[in-house]
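Here the structure is laid out as structure tokens; the discussion comes afterwards.
The values are calculated or read from the model by the stated rules, or taken from the named source; none is laboratory data. All of these numbers come straight from a predicted model, not from anything done at the bench. Cβ atoms come from the backbone with ideal geometry, glycine included; neighbour counts cover every protein chain shown. Quick note on the areas: whole protein, heavy atoms, side chains included, nothing else; ligands and nucleic acids left out. Shrake-Rupley method; radii C 1.70, N 1.55, O 1.52, S 1.80 Å.
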Amino acid sequence: MDFLHKNGVLVIQHLQKDYRAYYNFLNFMSNVGDPRNTFSIYFPLWFQLNQTVGTKMIWVAVIGDWFNLIFKWILFGHRPYWWVQETQIYSNHSSPCLEQFPTTCETGPGSPSGHAMGSSCVWYVMVTAALSHTVSQMDKSPTTLHRNACGRGL
């Protein structure tokens with residue numbers, strides 16, 4: 001498990017150092033994809049727009065949260081911000097400095113990340129639904145209909 005944590009710390013350091021300019025965007029995306037929003041905002045909205053997508057949204061949220069809970073029980077991984085202080089891997093005073101933000105300051109096991117799993121599940125359903133809708137609208141566009149009609153006349 002230390003191998004996973006050490007590599008996770010490297011990824012966090014990379015993101016915090018090289019993508020600092022994108023902090024507001026990444027924070028916004030994380031908040032939009034927060035699993036709590038699934039039940040209170042996205043499910044009712046999508047269910048009214050398309051019942052199939054709304055149903056997928058709720059099932060993805062429930063099953064994703066359930067899997068996250070099971071994985072947390074199995075892995076019981078520490079949060080990276082605490083792990084760097086407790087591990088013996090780093091020699092004295094050489095532990096990496098990781099910034100902690102309000103959305104990452106929680107108690108309980110942190111691996112796997114519920115925010116990452118939940119956000120990715122919610123975003124997957126929303127993006128695939130939007131893309132599917134866009135493609136179906138493009139297929140019905142007048143240009144496509146004209147092109148198909150011209151092709152049949154040959």
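Between a first residue in segment 33-47 that is farther than 13 Å from residue 64 by Cβ and free of Cβ contacts under 8 Å to residues at least 24 places away in the same chain and a second residue that is outside any helix (DSSP H, G or I) and open to solvent by less than 70 Å² (accessible area, probe 1.4 Å), which pairs have beta carbons less than 7 Å apart while being 6 or more apart in sequence or on different chains?
Between residues of segment 33-47 that are farther than 13 Å from residue 64 by Cβ and free of Cβ contacts under 8 Å to residues at least 24 places away in the same chain and residues that are outside any helix (DSSP H, G or I) and open to solvent by less than 70 Å² (accessible area, probe 1.4 Å), there is no close pair.
Restricting to segment 54-103, what's the tally of residues that are in contact (Cβ under 8 Å) with a residue 24 or more places away in the chain, of a type outside the set (Gly, Ala, Ser) and in contact with a His (Cβ under 9 Å, 6 or more places away or on another chain)?
Counting residues in segment 54-103 that are in contact (Cβ under 8 Å) with a residue 24 or more places away in the chain, of a type outside the set (Gly, Ala, Ser) and in contact with a His (Cβ under 9 Å, 6 or more places away or on another chain) gives 7.
Tally the residues that are at pLDDT below 90 and surrounded by 13 or more Cβ atoms within 10 Å (Cβ to Cβ), restricting the search to segment 30-49.
The total comes to 12.
Under the condition of being modelled with pLDDT under 85 and of a type in the set (Gly, Ala, Ser), which residue from segment 121-154 is nearest to the chain's Cα centre (by Cα)?
141
Would you be able to tell me the number of residues in segment 60-104 that are within 21 Å of residue 120 (Cβ to Cβ) and loosely packed, with under 13 Cβ neighbours inside 10 Å?
Residues that pass the stated criteria total 9.
Which of the numbered conditions does residue 122 fail, given that it passes all the others? Conditions: (1) under 23 Å from residue 27 (Cβ atoms); (2) hydrophobic (A, V, I, L, M, F, W, C); (3) open to solvent by 80 Å² or more (accessible area, probe 1.4 Å).
Failing condition for residue 122: (3).
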